[in-house]
Amino acid sequence: MTATTTTTSRPLDPGHVPAHIAVIMDGNGRWATARGLDRSIGHAEGVKTVRRITEAASQLGVKFLTLYTFSTENWNRPQAEVDALMDLIVVAIERETPDLIKNNVRLRMIGDIDRMPDGGRRRLQQCIADTSHCTGLTLVLALSYSSRWDITRAARQLASDAAAGIIDPAQIDDAAISARLSTSFMPDPDLLIRTGGDRRISNYLLWELAYTELYITPVYWPDFSRADFEDAIADFQGRQRRFGRTGQQVEDLSPSVPK
């Protein structure tokens, strides 16, 4: 894991940009509290950062950007904050949808969205439908999401398929599990960025992060800039991804093998 606020002058390699970047957008509330503001103000400022980082990811050639927007554990927050967050998320996405379309960005959601208020869920699903023709960056919102929920759901599906004779239990492998996760339409993340300084995964993409590079910065999400985002990518580009091999094995393999 890396914790840094240092800006690097090293240019990015456009041929080695992570295809999939996942982000834990942490620190909105602490950013607001440190300024004597209501936590809702921090969440509103965080929406501006979402737009900034989505634009940067699209311009840099990232294929998938997955944002931990609202966890299943977040339902346990004070009701007033939950209601404000739900309203903020829906209004912000509706407002940004025309620009997403303009920039060829497709919107998708993962998570237990049946727990969301009906009106908000329908409005978000309309935004998803409106961007479904876009072929550039896919912006994935993890809403009412937890990885344990997703893995448990996949296990239930496998058990049901096995009971129905659709699949032989002896043939259940990694691919069978991955195919039943809500993330099955995209590759595993190459890079995970967590803002706010906490060093934990917080029930986020546990299956998918098996070989993801982790980058942790103390910068709160509302302050996270394009330069900070590029720093994280530059740090990623300086690492050797071994996937269980030795460093020498990686060096001896062809350039087409992930490093």
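Below, the figures for the structure above:
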item	result
Label-point separation in nm, Ala129 to Ala227, each point 7 Å along Cα→Cβ	4.4
DSSP loop chymotrypsin sites (Phe, Trp or Tyr not before Pro) with at most 13 other Cβ within 10 Å excluded, longest remaining stretch of the chain	1-184
The chain: C-alpha gyration tensor shape, a/c 1.5 cut-off, then a/b vs b/c	oblate
At R0 = 41 Å, FRET efficiency that the Cβ-Cβ distance of Arg239 and Arg77 yields, to 0.05	0.70
Dipole moment magnitude, nearest 20 debye, the range 1-160 about Cα centre, only Lys, Arg, Asp, Glu C-beta charged	220
Overall form of the range 55-96 per C-alpha gyration tensor (a/c, 1.5; a/b vs b/c)	oblate
Sites Asp161 and Leu206, calculated FRET efficiency, Cβ-Cβ separation with R0 35 Å, nearest 0.05	0.95
R0 of 35 Å, Cβ-Cβ distance Ile101-Leu12: FRET efficiency to nearest 0.05	0.85
Segments 155-165, 109-119 sorted - mean Cβ within 10 Å per residue, highest first	109-119, 155-165
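Any read-out appearing in this document is the output of simple, stated calculations on the displayed coordinates, not a laboratory observation. The model shown is predicted, which means the values in this text are computed figures rather than measured ones. Every residue, glycine as well, gets a Cβ built from its backbone with ideal geometry; the counts of neighbours run over all protein chains shown.
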